[in-house]
Amino acid sequence: MAITIKTPEEIEKMRVAGQLAAEVLEMITPHVQEGITTDELNSICHDYIVHKQQAIPAPLNYNGFPKSICTSINHVVCHGIPGKRALKNGDIINIDVTVIKDGYHGDTSKMFLLAHHLLKQSTLSRLPTNACLLELTW
């Protein structure tokens, strides 16, 4: 397989697609609260991607996938389908966003912890990443 060197213009389009995906996660963060359904999160993200960013939600209709984002709660490893389940205290949810802009994909995800009675969310959500990095350094 040949490696294609990207032009500066292509690299910039890749950068824009990545920035748009990151913006979706920033936008949705305040909405990730107890009581909201993953379907509602999907609708908010879909509207933002399509109408505000003028981009395409890559998961939608990809191999029959019915939604614009992936939402994986608790034991679901990845690519969960948003639905009617409401988030509750103690849930861990990963929101995976992929947008297509000018033919280039931007893909990112973020893990959220709804645990108001535990450690600060920012500290607790970093524990798995830190543990993984520690394992890699040994």
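The values are calculated or read from the model by the stated rules, or taken from the named source; none is laboratory data. Since the structure is predicted, the reported quantities are computational estimates derived from the model, not experimental observations. When we count neighbours, we look across all protein chains shown, and the Cβ atoms used for this are built from the backbone with ideal geometry, even at glycine.
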Problem - Answer from 25, 20, 60 - the residue that is at pLDDT 95 or above and part of a loop (DSSP other than H, G, I, E, B) - result: 60
Completion exercise
Scanning region 26-37 for residues that are among the acidic types (Asp, Glu) and either without any contact (Cβ under 8 Å) to a residue 40 or more places away in the chain or surrounded by 17 or more Cβ atoms within 10 Å (Cβ to Cβ) (or both) gives 26
Problem - Only listed residue being among the acidic types (Asp, Glu) and exposed (fewer than 15 other Cβ atoms within 10 Å of the Cβ), chosen from 9, 40, 23 - result: 9
Practice task
Among the residues of region 65-108, count how many are buried (at least 16 other Cβ atoms within 10 Å of the Cβ), assigned to a loop (DSSP other than H, G, I, E, B) and touching a strand residue (DSSP E or B) at 6+ places or on another chain (Cβ under 6 Å).
Solution key: 5
